[in-house]
Amino acid sequence: RRKVDSEGRRFQDRWKVEYFFTEIENHCVCLICQETVAVYKEFNVKRHYQSRHSTYDKLTGHDRSEKLKQLEAVLIECVMKMVENICPEKKQEFANICLARNTVARRIEEISSDIKRQLTSKGVDFDFFSIACDESTDLSDTAQLLIFMRGVDDEMNVTEELLDLQSLTDQTRGKDLFVSVSSAIDDMKLPWNKVTGIITDGAPAMVGERSGLSTLICNKVIEEGGKAIKLHCIIHQQVLCAKHLKYDHVMKPVLKTINFIRSKALCHRQFKQFLLDIQAEYEDVLYHNDVRWLSRGSALQRFYSLRKEIGEFLETKGQPMRELSDPIWLADLGFLVDITKHLNVLNTSLQGKDAAVNQLYSHLKAFGTKLQLFIRQLSQTQPNTIHFSALQEIMNSFPQDNISAQTSRYAADIASLAGEFKRRFQDFAAIEKEISLFSSPFSVDPDDAPDQLQLELIELHCDSELRSRHQQLSLVNFYRQLDKSQFQEIRTLTKKMLSLFGSTYMCEKTFSAMNFNKNRMRTRLSDSHLCDILRIKT
């Protein structure tokens with residue numbers, strides 16, 4: 001005999017809207033009368049609907065969808081009331097029951113749609129906005145272009161949100177990226193003449209002089225009567241500067257040793273047990289990943305802290321590391337550990353959401369001043385290594401070796417690093433005057449200010465009450481309280497500066513969320529659902 005259970009029939013999502021049915025515990029239940037249809041068969045579901053609830057045929061489109069939501073809410077409410085009456089102690093357990101996958105997907109879509117609607121309504125009030133773009137490939141080899149927006153309204157309120165996620169299934173040239181960004185901006189009904197800048201990760205397709213995304217965006221803004229600036233992410237540039245200090249004669253032996261210890265399971269287990277037996281400070285060495293910003297400093301610091309234990313372990317394995325007995329090599333290792341630590345501190349200070357461009361640039365200038373201090377201290381006849389603790393420890397461990405003679409070489413390396421910082425950050429240096437005027441208006445000479453700001457700046461300097469407010473209030477609150485008619489040009493400059501991105505940090509953070517959600521077990525996640533998830537996540 002034919003068995004219905006073996007036919008593999010399933011509930012169809014479209015039955016919800018067409019016939020007002022839902023699936024509960026493998027049963028097909030009518031949302032209107034709560035009766036159950038025995039078999040997952042469209043003929044049975046349709047017959048029940050047409051014979052008992054045909055009056056609902058007059059509902060179409062949006063009205064029908066809204067009615068479906070109401071019926072589902074009533075069903076949930078009825079279940080919870082029944083639970084309260086029969087077994088109130090189980091109410092929380094019923095409330096924690098996982099929703100059906102289609103219900104979860106629909107709610108994610110609705111939340112994302114509502115966030116987008118709110119962002120669209122806020123965008124109407126933006127006086128200026130900038131965009132941050134970055135592109136990466138997901139596990140299904142689809143190029144995903146993230147577009148973030150940072151907008152400022154007349155009251156100096158800053159909104160930093162995901163504008164869109166554009167999926168590219170073909171080439172990722174500058175003009176292809178431009179079409180995607182244009183689509184996102186036009187879809188949000190944002191005027192092009194209000195774009196103040198674009199920041200990218202510095203990839204060729206992003207920053208090409210003729211057909212790069214940044215160039216095409218700036219040309220489009222000029223055509224619409226505005227002016228936008230191109231910036232290269234301050235964090236990406238800092239990482240590139242950090243790679244300027246190669247020190248391959250140090251890094252290669254360190255990485256070779258780390259890989260020797262961790263690449264083979266038996267060796268790795270024995271090393272960890274060895275550290276446990278001698279009660280070492282740390283339990284293991286760290287792998288180095290060139291993609292991760294802070295990886296190099298963390299791996300070097302851990303290797304330096306365990307250098308004696310590593311040397312002893314390698315001796316037992318018959319693989320002695322001769323560099324660990326060379327004072328000059330150890331001094332180079334100590335110097336690299338210290339300077340990389342300073343670079344990691346800078347990198348960490350540049351990370352974070354809602355950071356204004358003047359804050360990021362101030363960290364950068366401070367680091368440049370620190371480098372000049374290091375150069376002076378290491379160039380002295382009696383070198384001062386107070387800010388290089390690892391190097392100082394090595395020098396104290398080998399007093400008979402003339403390690404202090406190496407400090408002039410370290411000073412030259414730091415000078416080369418400082419030159420690389422100066423060379424790379426020319427885009428931020430080009431707007432340094434505007435940044436200084438925005439962050440310290442009372443310290444800027446009116447003669448050095450743009451012509452349209454000079455008279456207002458003189459008025460600002462001569463007002464002792466405003467000078468007092470500038471010292472007491474936060475920068476944004478100070479500008480909020482300026483008279484709109486008296487300081488119109490200064491307020492305009494302020495809004496432009498507040499609207500600028502300083503880094504693509506939010507893009508990098510969102511890509512991490514993308515890889516977490518669209519992983520090897522969920523590669524079939526659609527592009528639209530991925531966009532909804534990331535919009536909610538950010």
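The values are calculated or read from the model by the stated rules, or taken from the named source; none is laboratory data. Predicted model only: the values in this text are computed from it and were never measured. All Cβ positions, even for glycine, are placed from backbone atoms using ideal geometry, and neighbour counts span all protein chains on display. All accessible areas refer to the heavy atoms of the entire protein, side chains included, with ligands and DNA or RNA removed. Shrake-Rupley method; radii C 1.70, N 1.55, O 1.52, S 1.80 Å.
A Cβ-based charge dipole, computed about the Cα centre of the chain with Lys and Arg at +1 and Asp and Glu at -1, lands at about 1980 debye. Once the C-beta distance of Glu432 and Val158 is scaled by a Förster radius of 22 Å, the resulting FRET efficiency is 0.55 to the nearest 0.05. Diffusion coefficient of the range 241-428 by Stokes-Einstein, Kirkwood radius over Cα pairs, 20 °C, 1.002 mPa s: 119 µm²/s. Highest average first, the peptides 272-283, 415-426, 213-224, 124-135 ordered by how many other beta carbon atoms sit within 10 Å of their residues are 124-135, 213-224, 415-426, 272-283. Cut-off under 18 Å on the C-alpha distance; same-chain residues fewer than 8 positions from Lys317 excluded. Which lysines are left, in chain and number order? Straight-distance partners of Lys317: Lys256, Lys264, Lys272, Lys308.
Angle of helix 505-517 to the longest C-alpha principal axis of the chain, folded into 0 to 90 degrees and rounded to 10: 50°.
Remark: the range 444-497 carries a charge dipole of roughly 480 debye about the Cα centre, counting +1 on each Lys and Arg Cβ and -1 on each Asp and Glu Cβ.
Give me the net charge for the shell around Glu465: Cβ to Cβ below 14 angstrom, other residues only, Lys and Arg +1, Asp and Glu -1. Net local charge, Glu465 excluded: -1.
Note on Ser416 and Arg64: the model spin-label points, each 7 Å out from Cα along the C-beta direction, lie 7.2 nm apart.
Here the calculated FRET efficiency for Ser485 and Lys175, from their Cβ-Cβ distance with R0 = 30 Å, stands at 0.10, rounded to the nearest 0.05. Projecting the Cα atoms of Thr257, Gln92, Val239 onto the dipole axis of the chain, where Lys and Arg carry +1 and Asp and Glu carry -1 at the beta carbon, places Gln92 farthest toward the positive end.
Annotation: amide H-H contacts under 5 Å for Phe21 (H modelled 1.01 Å from N, sequence separation of 5 or more, or interchain): Lys16, Leu31.
For helix 488-499, report the angle its Cα long axis makes with the longest principal axis of the Cα atoms of the chain; keep it between 0 and 90° and round to the nearest 10°. Helix 488-499 and the main axis of the chain meet at about 80 degrees. Please compute the alpha carbon radius of gyration of the range 444-497, then divide it by the globular-protein estimate 2.2 N^0.38 Å. Two decimals is fine. Taking N as the residue count of the range 444-497, the ratio is 1.07.
If you wrap the tightest convex hull around every Cα atom of the range 114-233 and split its volume per residue, you get 104 Å³.
With the convex hull drawn over the C-alpha atoms of the chain, the volume per residue is 277 Å³.
Based on every Cα atom in the range 332-445, Rg and the maximum pairwise Cα distance Dmax equal 17.1, 55 Å.
For the chain, with all protein chains in place and a probe radius of 1.4 Å, 49% of the accessible heavy-atom surface sits on carbon or sulfur. Average accessible surface for the chain: 54 Å² per residue, computed with a 1.4 Å probe over protein heavy atoms with every protein chain in place. Annotation: amide H of Asp127 within the under-5 Å range of Val152, Asp153, Asp154, sequence separation 5 or more or interchain, hydrogens built in the peptide plane.
For a quick protection proxy, order the peptides 313-321, 152-160, 295-303 by their average other-Cβ count within 10 Å, most packed first.
Result, highest mean first: 295-303, 152-160, 313-321.
Across the range 214-229, rounded Karplus estimates of 3J(HN,Hα) from the backbone phi angles (6.51 cos²θ - 1.76 cosθ + 1.60, θ = phi - 60°) give 4, 5, 5, 5, 4, 5, 5, 5, 4, 4, 8, x, x, 8, 10, 10 Hz, Gly and Pro being marked x. Derived scalar couplings between HN and Hα for the range 356-370 equal 6, 5, 5, 5, 5, 5, 5, 4, 5, 5, 4, 5, x, 5, 4 Hz in order, rounded to whole Hz, by the Karplus curve 6.51 cos²θ - 1.76 cosθ + 1.60 (θ = phi - 60°), x for Gly and Pro. Equivalent ellipsoid of the range 465-519: semi-axes from √(5λ) of the C-alpha gyration tensor, largest first, are 38, 13, 8 Å. Measuring between alpha carbons in the structure, the pairs from Lys175/Lys243; Lys189/Lys353; Lys16/Lys41; Lys16/Lys46 lying more than 20 angstrom apart are Lys175/Lys243; Lys189/Lys353. May I ask for the distance between the Cα centers of the range 119-164 and the range 403-475, given as a whole number of Å? Spelled out, the Cα-based centre of one part sits 28 Å from the other.
Translational diffusion of the range 13-89 was estimated from the Stokes-Einstein equation, with Rh taken as the Kirkwood radius over Cα pairs; at 20 °C and 1.002 mPa s the coefficient is 162 µm²/s.
Principal-axis analysis of the Cα atoms of the chain puts helix 451-462 at an angle of about 80° to the longest axis. For the residue pairs Lys116/Lys227; Lys433/Lys537; Lys220/Lys495, the C-alpha atoms sit more than 29 angstrom apart in Lys433/Lys537. Counting only residues at least eight positions apart within a chain, or on another chain, the lysines with an alpha carbon under 19 Å from that of Lys81 are Lys69, Lys90, Lys91. With a Förster radius of 30 Å, plug the Cβ-Cβ distance of Val74 and Arg101 into 1/(1 + (r/R0)^6) and report the FRET value to the nearest 0.05. Once the sixth-power term is evaluated, E becomes 0.90.
When both the range 481-538 and the range 377-400 are represented by their alpha-carbon centers, they are found 44 Å apart.
Taking the charge dipole of the chain about its Cα centre, with +1 at Lys and Arg Cβ atoms and -1 at Asp and Glu Cβ atoms, the residue from Leu417, Gly208, Ser295 reaching farthest to the positive side is Ser295.
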